[in-house]
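Here's the structure, in structure tokens; my notes come after.
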Amino acid sequence: MSGGPDEDRARILNGIRRSLQRGALTGDPRKAAEARLAEPPRGPAVARANLPPAERVELFCRWAELNNATVARVSAAEVPREVSAYLARNNLSAQAAMAPSPLLADFDWASQKMLSLRRGRAEASDQASVTGAFAGIAETGTLVMASGPDHPVTLNLLPDTHIVVLRENDIVGGYEDVWRRLRERYGKDCMPRTVNIITGPSRTGDIEQTIELGAHGPRRMHILVVRE
């Protein structure tokens, strides 16, 4: 006969642990879980991303381009001009929705007289967005976006064109570095509502295994990597 839900649960979990060759649970499982949450162990790291900062940036850019994004290496002073130039090169309107983020506040947007920026969340009519990024991951050329009042999630998903301003100092080696940075930035029990992990523009190969860009989000992604 069953000894109750707690014993049933313990029996199932111990069976899983035996299959993983970890042995049976001992002690108070709640305390063990709380201890793990208080001091999360670091997961495995990929050796290719364990690089000095300059090489890490190069690796990020290389992987981002392999994943169908375009990349421009710019200084802080060149950011507004590059945003305008990218829109012009792609025959896009010189209008964009921009995140009301401190990461973007110090650039001289007024220097681009033809560029019209509206700060706030994206609307269905917006063709382009400009955002910062919480981090870039060199391991895979991936961007990490943390939601909040200064970065509405719609900016990542609705417009056809997503322009991202990423500082070199925010490029980390691997995914485990991102979790550490998130915990340090937001603290215990204060994580952002949404963390979007984005590798290149939206794409799918569901139909006849043919890659189609813009399936569930932006069809273009342009990353401005800002030299420190």
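Of note:
- Checking each residue of region 43-52 against the condition of being under 21 Å from Gly174 (Cα atoms), loosely packed, with under 10 Cβ neighbours inside 10 Å and modelled with pLDDT under 80 gives at least one match.
- Residue within region 168-182 that is in the same structural domain as Ser75 (by TED's automatic domain parsing), among the hydrophobic types (A, V, I, L, M, F, W, C) and in contact with a His (Cβ under 9 Å, 6 or more places away or on another chain) present: no
- Of the candidates Gly141, Gly132, the single residue that is in contact (Cβ under 8 Å) with a residue 12 or more places away in the chain and at positive phi is Gly141.
- Cβ pairs under 6 Å, 6+ apart, first in region 44-70 and touching a residue at least 60 places away in the same chain (Cβ under 8 Å), second assigned to a helix (DSSP H, G or I): Ala45/Glu176; Val57/Glu168
- Hits in region 101-117 - residues which are surrounded by 15 or more Cβ atoms within 10 Å (Cβ to Cβ) and not polar (S, T, N, Q): Leu103, Leu104, Phe107, Trp109, Leu115, Leu117
- In the set Ile137, Ile171, only one residue is in contact with a Ser or Thr (Cβ under 9 Å, 6 or more places away or on another chain) and among the aliphatic types (A, V, I, L, M); that residue is Ile137.
- Strands (runs of 3 or more DSSP E) completely within region 126-176 that count 3 or more residues being under 19 Å from Val225 (Cβ atoms) and β-branched (Val, Ile, Thr): 161-167
Matching residues to (1) touching a Pro at 6+ places or on another chain (Cβ under 7 Å); (2) within 21 Å of Val57 (Cβ to Cβ); (3) surrounded by fewer than 21 Cβ atoms within 10 Å (Cβ to Cβ); (4) modelled with pLDDT under 95:
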position: Gly136; (1), (2), (3), (4): no, yes, no, no
position: Ala146; (1), (2), (3), (4): yes, yes, no, no
position: His151; (1), (2), (3), (4): no, no, no, no
position: Val164; (1), (2), (3), (4): no, yes, no, no
position: Tyr175; (1), (2), (3), (4): no, yes, yes, yes
position: Arg180; (1), (2), (3), (4): no, yes, yes, yes
position: Arg185; (1), (2), (3), (4): no, yes, yes, yes
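The values are calculated or read from the model by the stated rules, or taken from the named source; none is laboratory data. Model, not experiment: these values are computed from the prediction. Backbone-built Cβ (ideal geometry, glycine too); neighbour counts: all protein chains shown.
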